[in-house]
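First up is the structure itself, then whatever we jot down about it.
The values are calculated or read from the model by the stated rules, or taken from the named source; none is laboratory data. Predicted model only: the values in this text are computed from it and were never measured. Positions of Cβ are generated from backbone atoms using ideal geometry, with glycine treated the same way; all protein chains shown enter the neighbour counts.
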């Protein structure tokens, strides 16, 4: 299916690996010029070269820290200058849940909580604030916030707060930007086969003296599809939400978790 994205320009934050890389790949395959950014410029440049070779598309690499407001301003300005505009923003740069340390009330990790808020909540808002005027000029735009299933279920203190806040912000922004022709939605991945996750599974299997397949089966036991979702399955879903075909969808959230929750969400 042609998603109608040919000629559009997208910025994918945290696009050098994992889910962000998959999203950048899916957008590039639809003819979108894709800007990816990360804190490690060399890693971003390497990914841009790989994606360009794989997709035949134009991928540009940038360096930026979403926790720094000035860097976000410079990033968006550089993307617009280099790529000739900005139509799509995919907010993805954030610490992977569970990797920042203890996340409970009894071990309240204030530095982690404040950093998560600054990068994931404020970082997403900073990017949207800088990006939307360029979309408004055209009367068309798409913002997709990569959130997490912790927005829908009890999780750690930081994990729950930051993901719930992103979803609330998604709804608020959709109301403000909808009249300008800009939709804002959230996507909730859960467990996915990123490089980091694959390495973690292998390490766990070695520690327990069992096969990787056994560990994966245990991890997927509560998923409706009974398997771990791949990052390649997430990118196309986000690409659809970035496309003209999704114009009637805004302020919504979509789980791409393989059915990780038994909750009924209305």
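Residues checked against (1) closer than 22 Å to residue 131 by Cβ; (2) modelled with pLDDT under 90:
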{"site": "195", "(1), (2)": "no, yes"}
{"site": "208", "(1), (2)": "no, no"}
{"site": "214", "(1), (2)": "no, no"}
{"site": "219", "(1), (2)": "no, yes"}
{"site": "226", "(1), (2)": "no, no"}
{"site": "235", "(1), (2)": "yes, no"}
{"site": "243", "(1), (2)": "yes, no"}
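Is it the case that some residue within the range 192-211 is in contact with a strand residue (DSSP E or B) (Cβ under 7 Å, 6 or more places away or on another chain) and under 22 Å from residue 243 (Cβ atoms)? The answer is yes; a qualifying residue exists. Of all residues in the range 234-251, those being over 12 Å from residue 146 (Cβ atoms) and either without any contact (Cβ under 8 Å) to a residue 60 or more places away in the chain or not assigned by TED's automatic domain parsing to the domain that holds residue 166 (or both) number 1.
The rows are residues; the columns are (1) at pLDDT 95 or above; (2) closer than 27 Å to residue 4 by Cα; (3) more than 17 Å from the chain's Cα centre (by Cα); (4) assigned to a helix (DSSP H, G or I).
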| site | (1), (2), (3), (4) |
| --- | --- |
| 123 | yes, no, no, yes |
| 159 | no, no, no, yes |
| 162 | no, no, no, yes |
| 175 | yes, yes, yes, yes |
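Conditions (1) crowded, with 22+ Cβ neighbours inside 10 Å; (2) modelled with pLDDT under 95; (3) in a helix (DSSP H, G or I); (4) on the phi < 0 side of the Ramachandran plot, marked per residue:
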residue	(1), (2), (3), (4)
36	yes, no, no, yes
51	yes, no, yes, yes
67	no, yes, no, yes
82	no, no, yes, yes
86	yes, no, no, yes
89	yes, no, no, yes
93	yes, yes, no, yes
101	no, yes, no, no
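Of all residues in the range 252-264 being touching a residue at least 40 places away in the same chain (Cβ under 8 Å) and surrounded by fewer than 20 Cβ atoms within 10 Å (Cβ to Cβ), which is farthest from residue 10 (Cα to Cα)?
So the residue we want is 263.
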